[in-house]
1. Give me V158, V39 sorted ascending by neighbouring Cβ count inside 10 Å, so fewest comes first.
2. With a sphere of radius 10 Å drawn around the Cβ of Y100, what net charge do the other residues whose Cβ falls strictly inside it have (Lys, Arg +1; Asp, Glu -1)?
3. With springs connecting C-alpha atoms under 10 Å apart, model the chain as a Gaussian network and identify which of V53, V92, V24 has the largest mean-square fluctuation.
4. Between I80 and A174, what length in nm is gained on full extension when 0.36 nm per residue of separation is reduced by their alpha carbon distance?
5. Hey, what did segment 2-140 get for relative contact order, percent, Cα under 8 Å, at least 6 apart?
6. Build a GNM of the chain with springs between Cα atoms under 10 Å: which of L122, L153, L55 gets the top mean-square fluctuation?
7. For the chain, return all DSSP H helices satisfying: extent of Cα atoms along own axis at least 20 Å; mean Kyte-Doolittle hydropathy at least -1.0.
8. At a Förster radius of 30 Å, what calculated FRET efficiency corresponds to the Cβ-Cβ distance of F159 and T29, to the nearest 0.05?
Amino acid sequence: MKKLYELLYIFIISSICGYFIEFVWSLVTKGIFINHSAVVIGPFNFAYGICGVALTLLLYKYKDESYLKIFLLSFIGGSILEYIMSWGMELVLGFSAWDYSDQFLNINGRICLLFSIFWGLLGILWIKILYPKIDKMLNKINPKIYKISAICLSMFLVFDILLTISCVNRARAADQNIPPNNRYEKFLDHTFNSKYLKNMFNNKWK
């Protein structure tokens, strides 16, 4: 069970770090703020969270292996994961938040050579440097607090995901000029509308 809780913490920490990485990247490259969160409340970029968990599961038993082996495993595993995430997002939401169609050696615009190389380097950085520090930090937390916090965070994320699904459905209805039926839907129209979601999903909202 502790391992499951650890993966949850890794998911959350990676999601938050990913959010701020994308935040800085957007400011530096585009000069604008883009809310790269996967949910409407909180700075959680689930793509990075999934990546953190996946890299941990994929690389943990190879953490003492050569840098080349870790690079190749991350290169291949990360590319497969990114392809699946892009495909899954398009299947569920009707679009993907990234498109590499203009990049060299891309596959259906979902993955490309450049970012696959980044995956390989990220795997080395993660399992050799970042994961050991995070693991050490988590082991210092009081076991009772560790468990209670994990449960509370899980409940919050479930709520946040359900709220986000509700916001997406209502925003699409509003785009079709369907009026709100109650105060809750009016609240969504005012707070988490298409404009908000378009920024959140990197202008790929439809």
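1. Details: V158 10, V39 21.
Ascending Cβ contact count within 10 Å gives the list V158, V39.
2. Net of charged neighbours comes to -2.
3. Of V53, V92, V24, the most mobile in the Gaussian network model is V92.
4. On the way: separation 94, 0.36 × 94 = 33.84 nm, distance 3.56 nm.
Result: 30.3 nm gained on full extension.
5. Value for segment 2-140: 21 percent.
6. Among L122, L153, L55, the largest mean-square fluctuation in the Gaussian network model of the chain belongs to L153.
7. On the way: long enough: 2-30 (41 Å, 1.03); 67-93 (37 Å, 1.35); 143-175 (47 Å, 0.98).
Qualifying helices, which must be both long enough and hydrophobic enough, are 2-30, 67-93, 143-175.
8. Efficiency, from the Cβ-Cβ distance: 0.35.
Laboratory data are not the source of any read-out in this text; all were calculated from the coordinates shown. Just so you know, these numbers come straight off a predicted model, no measurement behind them. All Cβ positions, glycine included, derive from the backbone under ideal geometry; neighbour counts span all protein chains shown.
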